[in-house]
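Asks: Handing you a structure now.
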Amino acid sequence: MSKRKQLEDDEDAGSSSSDVLIDVEFDFFDPNPKVDYHAIKRLLGQLFQRDAEQLDTPELTELILAQPTVGTTIKTDGLESDPYALLTVLNMHLHHLNPSMKAIANYLLAITSAHNQNFHSILQTLFSQSEAHVGLVVCERLINMPVQVIPPMYRMLADEVKWARADGEPYNFTHLIVISRVYHLSEEEESVLENSAGSRRARTMSNADGNASPKKHKKQRSEADQATMARPSDGIYPYHPEDDVINQLALHALTFPYQAPLPDLVQETRSRDSLGLDIRGRIFLLPGGEETIRDLGSKMAETFTTS
């Protein structure tokens, strides 16, 4: 049985002829050491991208599965199926000797040293003492998972941290670190993608409405939709929409290029015709622990409510 009641997600999936309502039920489970190892390791590889190898994701996966009462996975086919999403928090100080946690701490110090000295100094101070504990929030999901599953996961995590603290377990955090990922589009790349998307929309509208004009449908877009589509000044887009909520509470946020070089074929492809996304990492530092996690869940629920 799942540890929480199922969450129903209604998505509008556009087809060539009509809108199809898809009803999907998501089950929330504790991380399961017996079946989740490979799927969680794949999610970590997706989160850390080409820097994953240097961060010893197999060890990190074992660490996540070693604390099954704190953290949540989402599945659709029962306990024995692969998780589609993961949210948990790990005590960086408690596990500072773990090879993966040690690698992540050094990685964060190296990244911030290269790109933000103030951020680096704060992390260096936090990592060099033992009174204040830092929680590493690990959140990743398959690309087609709706953001609406994330707020309840944060609320569950806040409850689990509260219960663990009541049992005397070391989850009393003064700070949280969240690692995420983004992608960058140049103005030229964005123009190509927008033109391509516009052509697909025009064909879809034409197929659906016969002689209906695509321009008429475009005029029906709301001003909010148009604002959402506006290009960020830096061309940086989050993979996780909830990053915008996390950023509101963050003391520091840093977007950075990955350390490991791109494979030669990917470099050649991007330099030749700009295909393939320019994926980058992002780090957030937030104050607090349990209450911050709960506050994030509440703010995310307000932001990503289903209509």
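Asks: Over region 14-105, give the accessible area per residue in Å² for a 1.4 Å probe, as an integer.
Replies: Each residue of region 14-105 exposes 44 Å² on average to a 1.4 Å probe.
Asks: Under the 0.36 nm per residue contour assumption, what length would be gained going from the current alpha-carbon distance of residue 54 and residue 279 to full extension?
Replies: 79.3 nm
Asks: So, one more: What number results when the radius of gyration of region 131-170, computed over Cα atoms, is divided by 2.2 N^0.38 Å? Walk me through the intermediate numbers first.
Replies: Details: Rg = 13.1 Å, N = 40, 2.2 N^0.38 = 8.9 Å.
The reported ratio for this selection is 1.46.
Asks: Let me ask something else. Working only with C-alpha atoms, what are the Rg and Dmax values of region 140-191, expressed in angstrom?
Replies: 17.2, 55
Asks: Continuing with this model, one more query. Based on the Cβ-Cβ distance of residue 259 and residue 23, what FRET efficiency does E = 1/(1 + (r/R0)^6) give at R0 = 45 Å, to the nearest 0.05?
Replies: Here the calculated transfer efficiency is 0.60.
Asks: Same structure, new question: Considering every pair of different Cα atoms, what Kirkwood radius, in Å, is found for region 19-65?
Replies: 12.4 Å
The values are calculated or read from the model by the stated rules, or taken from the named source; none is laboratory data. All of these numbers come straight from a predicted model, not from anything done at the bench. Heads up, the Cβs are rebuilt from the backbone with ideal geometry, glycines too, and the neighbour counts pull from every protein chain shown. To get the accessible areas, we keep the full protein, side chains included, count just its heavy atoms, and leave off ligands, DNA and RNA. Shrake-Rupley method; radii C 1.70, N 1.55, O 1.52, S 1.80 Å.
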